[in-house]
1. Starting from the Cα-Cα distance between L34 and R68, subtract it from 0.36 nm times their residue separation and give me the gain in nm to one decimal.
2. Please compute the modelled spin-label separation between A12 and Y50, points set 7 Å along Cα→Cβ, answer in nm with one decimal.
3. Name the shape class, rounded, prolate or oblate, that the alpha-carbon gyration tensor gives for the chain, where a ≥ b ≥ c are the square roots of its eigenvalues, rounded holds for a/c under 1.5, and otherwise prolate holds if a/b is larger than b/c and oblate otherwise.
4. Accessible area per residue, 1.4 Å probe, Å², for the chain: what's the number?
5. Could you work out how far helix 27-37 tilts from the main Cα principal axis of the chain, as a 0 to 90 degree angle to the nearest 10?
6. Below 15 Å, Cα to Cα, which aspartates and glutamates can K56 reach? Residues fewer than 8 away in the same chain don't count.
7. With every protein chain in place, what's the accessible area of L9 (1.4 Å probe, Å², nearest 10)?
8. Take the solvent-accessible surface of the protein heavy atoms, probe 1.4 Å, and return the percent of it on the chain that carbon and sulfur atoms account for.
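The values are calculated or read from the model by the stated rules, or taken from the named source; none is laboratory data. Bear in mind that the values here come from a model prediction, so they are computed numbers and not experimental data. Every residue, glycine as well, gets a Cβ built from its backbone with ideal geometry; the counts of neighbours run over all protein chains shown. Note: areas computed on protein heavy atoms with side chains; ligands, DNA, RNA excluded. Shrake-Rupley method; radii C 1.70, N 1.55, O 1.52, S 1.80 Å.
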Amino acid sequence: MTVPTHLPLFPAVSYDETIEVRSAQPVGALLTHLRENHALLENVEVVNLYQGKDEKKSYKLTVRCTYRAP
């Protein structure tokens, strides 16, 4: 038997954000920081990671952040 759960009052909102990150900074640490420091953040995931041929010191990271009010 399935136990019904309540539906959220507000829909989730997702944003994609691209940031430039130093190569020495691990992605996992950045994702952990985002998850732990934003109360309305329901989910964060990596959408794209790009490092050009000439870019040795940094890379572009696109993350999708999903927010939901309680």
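1. Stretched out fully, the L34 to R68 stretch lengthens by 10.8 nm.
2. Distance between the two pseudo-spin positions: 2.5 nm.
3. Since a/c reaches 1.5 and a/b is larger than b/c, the shape of the chain is classed as prolate.
4. Per residue, the chain has 82 Å² of solvent-accessible surface.
5. Once rounded, the angle reads 40 degrees.
6. Partners within reach: E20.
7. Answer for L9: close to 150 Å² accessible.
8. Working: 3270 of 5750 Å².
So the carbon and sulfur contribution to the accessible surface is 57 percent.
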